[in-house]
Amino acid sequence: MFSPAVFQSLDRVLKENRIHELMVYNDFLKKHGLVLKASDAEEIIAARSIVLENQGRIELDMNVSKMLINRIAMSSYVHQDNYVETVNEMYEIFHYIKNASSDLVSDEEVIDAIMVYYDKVCGGSTDFVMGKGIEKILNNYHHNRYMADIILEREED
């Protein structure tokens with residue numbers, strides 16, 4: 001039988017591995033004027049755990065976080081001072097949309113959609129993506145359109 005100390009040790013090793021997985025992206029991030037510190041990676045991992053629990057989801061790997069880390073770094077709206085917060089908020093938006101679309105859409109399509117709306121419609125505001133952006137993305141999904149299509153209000157009427 002395993003003792004609680006064994007589980008704590010396993011959790012610590014898993015956390016260290018996840019931090020290392022995220023820190024590998026610093027070479028790429030530097031090209032965009034960003035850097036991910038170990039404390040930033042820890043914050044992303046902690047926020048990830050909260051989102052997964054709140055959204056009732058399970059992820060066995062860090063692939064979604066890594067895709068978001070890369071895509072968000074390329075946005076002209078992201079700077080060092082808002083990078084980690086943006087990653088965490090977009091991660092929450094991602095899982096909200098995955099739940100609302102019953103996981104019938106690929107991770108890449110959801111990330112494409114939220115990044116298009118973040119960069120081209122919402123002016124770099126995660127608050128707007130969380131509101132009107134999600135609404136438009138899911139509207140596209142429900143009307144069998146590519147989720148990243150930008151449909152103007154007058155076109156929907």
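The values are calculated or read from the model by the stated rules, or taken from the named source; none is laboratory data. Quick caveat: nothing in here was measured; it's all calculated off a predicted structure. Here the Cβ positions follow ideal geometry from the backbone for every residue, glycine too, while neighbour counts run over all protein chains shown. Areas reflect the complete protein model, heavy atoms only, side chains present, ligands, DNA and RNA absent. Shrake-Rupley method; radii C 1.70, N 1.55, O 1.52, S 1.80 Å.
Look at the alpha carbon pairs under 8 Å that are at least 6 residues apart: their mean separation over the length of segment 33-157 gives a relative contact order of 22 percent.
Going by accessible surface with a 1.4 Å probe and the largest first, Val51, Val121 read Val121, Val51.
The value of relative contact order for segment 25-97, using C-alpha pairs under 8 Å at least six residues apart, is 42 percent. Relative to the Cα centre, the charge distribution of segment 76-145, modelled as +1 at Lys and Arg Cβ and -1 at Asp and Glu Cβ, gives a dipole magnitude of about 320 debye. Taken one residue at a time, the phi angles of segment 135-147 give Karplus couplings (6.51, -1.76, 1.60, θ = phi - 60°) of 4, 5, 4, 5, 4, 4, 4, 5, 9, 6, 9, 4, 4 Hz. Gly and Pro are set to x. Calculated on C-alpha atoms, the gyration radius of segment 14-102 divided by its Kirkwood radius gives an Rg/Rh of 0.95.
Pairs of C-alpha atoms in segment 50-100 farther apart than 18 Å represent 29 percent of all such pairs. Once the C-beta distance of Asp11 and Asp81 is scaled by a Förster radius of 41 Å, the resulting FRET efficiency is 0.85 to the nearest 0.05. In the structure shown, the pairs Lys66/Lys120; Lys31/Lys66; Lys37/Lys120; Lys15/Lys98; Lys31/Lys120; Lys66/Lys98 are assessed against 20 Å; a Cα-Cα span above that value is assigned to Lys66/Lys120; Lys37/Lys120; Lys15/Lys98; Lys31/Lys120. What base-10 log of the normalised intensity I(q)/I(0) is obtained for segment 65-157 from the Debye formula, alpha carbons as equal point scatterers, at q = 0.10, 0.18 Å⁻¹? The Cα Debye sum returns log10 ratios of -0.23, -0.73. What the Cβ-Cβ distance of Ile151 and Asp61 gives, at R0 = 30 Å and to the nearest 0.05, is a FRET efficiency of 0.35.
Dividing the helix sum by the residues of the chain, where each DSSP H run of 4 or more adds -39500 (n - 2.57), gives a mean residue ellipticity at 222 nm of -18500 deg cm²/dmol. Carbon-plus-sulfur accessible fraction, the chain (probe radius 1.4 Å, protein heavy atoms only): 53%.
For segment 1-111, the residue among Ile111, Ser39, Asn88 whose Cα projects farthest onto the positive side of the dipole built from Cβ charges is Ser39. Rounded, prolate or oblate: which fits the chain when a ≥ b ≥ c are the square roots of the eigenvalues of the alpha-carbon gyration tensor, with rounded for a/c under 1.5 and prolate only if a/b beats b/c? Oblate, since a/c reaches 1.5 and b/c is not below a/b. Candidates Gly124, Ile151, Asn26 compared by Cα position along the dipole of the chain: farthest toward the positive end lies Asn26, with charges placed on Cβ.
The long axis of helix 38-55 is offset from the longest Cα principal axis of the chain by roughly 60 degrees. Dipole magnitude for the chain: about 340 debye, using +1 per Lys or Arg Cβ and -1 per Asp or Glu Cβ, origin at the Cα centre.
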